[in-house]
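Taking it in order: structure first as structure tokens, then the write-up.
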Amino acid sequence: MTKKVFMNTMGCQMNVYDSTRILDALAILGYEETQKPEEADLLMVNTCYIREKAADKVFSCLGRFQEIKQERKKKGQETLIAVAGCVVQALGDAFLKKAHSVDIAVGPQSYHKLPELITQFNRKNGRKTIAEFTSIEKFDALAQPTSHGCTAFLAIQEGCDNFCSYCVVPYTRGCEYSRSAEAVLNEARALVDTGAKEIMLLGQNVDCWHGEGLDGKTWHLAQLIERLAEMDGLLRIRYTTSYPVDITDEMIAAHRDIPKLMPYIHLPIQAGSDKVLKEMNRRYCVAQYLEVVEKLRKARPDIAISSDFIVGFPGETDSDFEQTLAVVDKVRYAQSYSFKYSPRPGTPASLMKNQVPEAIKTERLSILQAKLLELQKSYNQTFVGKNLPVLLTERGKQKGQLNGYSPYLQNVHVSLPEDRLGDIVTLHISAATASSLSGETI
Ligand code: 5AD
Ligand code: SF4
């Protein structure tokens, strides 16, 4: 009999990718995905630890899972609760002590062991956590994935050695490593063969990918992308996240020369004050960042640039914050993500004495977000009246509507029949808001 699994994925795109790999691994045990938690034999949450709010969400989700488990028990149904992701890695064995309802917990580098853990648990071997750093082994152990739509994520690099002073990632995802070009190309082939038209290459610091190439030598990211671009059936290539000063001249040239490489780059600056960047242990100053932006725009004038921002980092003054606003005006971002600084256990910044009061963080965030939203709106409005090639990726909210993405990663709505999903169509853009464009076929 098939069993059902419900998966709640929190956090970043890497977690979205991990969840698809976990679901593929569970399918081998006979688990089929359901969107209804109450009918699931296995309730899973893939967790994020990046900010305190994210970690809190995990425990409220587990509370809901526990209620569902009790309801199901009344009907004589057994339910397993499993947790994956960065919260497990960060808390280790303490996680199961804190989360009483959880049967099995795996860190982000150990989820390939989940099927084995479930089998053991069913043999009454007890609750268990595995939070090891065995990244390479993980990818070797997993079956080749299938694409769950026409755009797919593909992790090529994991972990981070940068140790930005606010960030837990080096502690939860471990040290930086790159998969081989062969592994990446095989996975890309499998994804394209099962329906992917676009692949987003993922890495915490994707520009420092330095995997073994097909010739046995170490390749850099531009070489990998060049090779991927030769793959029949793959129409669009994207990558994220970039560390500003790790972008090579070869990558900049790739944006000029490789038509399948989309004109979009996520280039988190985090803050616009050199003093704050230094305290954050970022390896660049604002002038160096702006130089990278200029080089990218010279190579590919229409490239869309997005960023992450942290406001209220310890010691950030009003004048530091104003410098962040000034950078935003200079770069004119197409999209952005911004957060209040959240002290994370074990990170150097959490121990800094000059923490910024919550009320100031809230105020700065709302000022920054209003500015970013305004810019995003005016960026989108520049496309009204123009034609854009749009990859149709999913059904829209309204009947008869499809959603897709422009080369610049703008969400575009259009009225078209469902059989056009997976096509790239040229649309005439008729309207724009801060969050999306509307288009018509021409
Ligand atoms: N507080 C707030 N934001 C954070 N980020 C990472 N760590 C923290 C933290 N402690 C943000 C950064 C990063 C994005 C993924 O999350 O902006 O680029
Ligand atoms: Fe975290 Fe910095 Fe690494 Fe990004 S580069 S994952 S912010 S430590």
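The values are calculated or read from the model by the stated rules, or taken from the named source; none is laboratory data. Because the structure is predicted, anything quoted here is derived from the model rather than measured. Here Cβ is always computed from backbone atoms with ideal geometry, including for glycine, and neighbour counts include all displayed protein chains. Note: areas computed on protein heavy atoms with side chains; ligands, DNA, RNA excluded. Shrake-Rupley method; radii C 1.70, N 1.55, O 1.52, S 1.80 Å.
Straight-line cross-link reach from Lys377 at under 18 Å between alpha-carbon atoms covers these aspartates and glutamates, not counting any fewer than eight positions away in the same chain: Asp302, Asp308, Asp329. Note that the range 1-153 presents 48 Å² accessible area per residue, ligands and nucleic acids not counted, probe 1.4 Å. Pairs from the list Lys53/Lys97; Lys53/Lys275; Lys4/Lys128 with a Cα-Cα gap above 30 Å: there are none.
Per atom type, the range 198-306 shows carbon and sulfur on 48% of its accessible surface, probed at 1.4 Å.
Roughly how many Å is it from the Cα centre of the range 335-383 to that of the range 80-117, as a whole number? What the calculation gives is 31 Å, centre to centre. Of the residues Phe95, Asn403, Ile28, the one whose Cα sits farthest toward the positive end of the charge dipole of the chain, with +1 on the Cβ of Lys and Arg and -1 on the Cβ of Asp and Glu, is Phe95.
Given a 1.4 Å probe and every protein chain left where it sits, what share in percent of the accessible area of the range 1-104 is carbon and sulfur?
Numbers: 2560 of 4950 Å².
Carbon and sulfur: 52 percent of the exposed surface of the range 1-104.
Helix content alone sets the calculated 222 nm mean residue ellipticity of the chain: runs of n ≥ 4 DSSP H residues at -39500 (n - 2.57) each, divided across all residues, give -11000 deg cm²/dmol. For the range 184-223, the Kirkwood hydrodynamic radius from C-alpha pairs, put into Stokes-Einstein at 4 °C and a viscosity of 1.567 mPa s, yields a diffusion coefficient of 114 µm² per second. When the chain is treated as a GNM with alpha-carbon contacts under 10 Å, the residue of Pro301, Pro343, Pro357 showing the greatest mean-square fluctuation is Pro357.
Cβ distances below 4.7 Å define possible disulfide partners, and in the chain the cysteines left without one are Cys12, Cys48, Cys61, Cys86, Cys150, Cys160, Cys175, Cys208, Cys285. Taking only protein heavy atoms and a 1.4 Å probe, the accessible area of the range 310-407 is 56% carbon and sulfur. Using only Cα positions of the range 349-388, each an equal point scatterer, no hydration layer, compute I(q)/I(0) via Debye at q = 0.29, 0.30 Å⁻¹ and quote the log10 values to two decimals. After summing over all Cα pairs, the log10 values are -0.92, -0.94. The 1.4 Å probe gives accessible areas that order Leu142, Leu228, Leu421, largest first, as Leu421, Leu142, Leu228. Computed with a 1.4 Å probe over protein heavy atoms only, the accessible surface of the range 154-207 comes to 27 Å² per residue. The tail of the calculated P(r) for the range 240-290 beyond 17 Å holds 41 percent of all Cα-Cα pairs. Ranked from largest to smallest solvent-accessible area, with a 1.4 Å probe on the protein heavy atoms, Ser415, Ser19, Ser438 come out as Ser415, Ser438, Ser19. Computed over protein heavy atoms with a 1.4 Å probe, the accessible surface of the range 326-395 works out to 53 Å² per residue. Here the range 50-113 is treated with +1 on each Lys and Arg Cβ and -1 on each Asp and Glu Cβ, and its dipole about the Cα centre works out to around 180 debye.
Backbone N atoms of the range 294-332 closer than 18 Å to the 7 Å Cα→Cβ label point of Asp257 belong to residues 295-301.
Just subtract the alpha-carbon distance of Glu52 and Lys74 from 0.36 nm times their residue separation and send over the number in nm, one decimal.
Answer, rounded to one decimal: 4.5 nm.
Structural size metrics of the chain, computed from C-alpha coordinates, are Rg and Dmax of 22.4, 65 Å.
Coordinate range of the alpha-carbon atoms in the range 207-318 per principal axis, descending: 52, 32, 21 Å. Taking a ≥ b ≥ c as the square roots of the eigenvalues of the Cα gyration tensor, an a/c ratio of 1.5 or more together with a/b no larger than b/c marks the range 125-178 as oblate. Size estimate for the range 325-364 follows the Kirkwood approach: the inverse of mean 1/r over distinct Cα pairs works out to 12.5 Å. Comparing the range 151-267 with the 2.2 N^0.38 Å rule of thumb, its C-alpha radius of gyration ratio is 1.03 (two decimals). Out of every Cα-Cα pair in the range 324-442, what percent are more than 21 Å apart? Value for the range 324-442 (Cα pairs over 21 Å): 53 percent.
Start at zero, step by 5 Å, and the Cα-Cα distances of the range 1-104 spread as 2, 13, 24, 25, 20, 12, 3, 1 percent across the bins.
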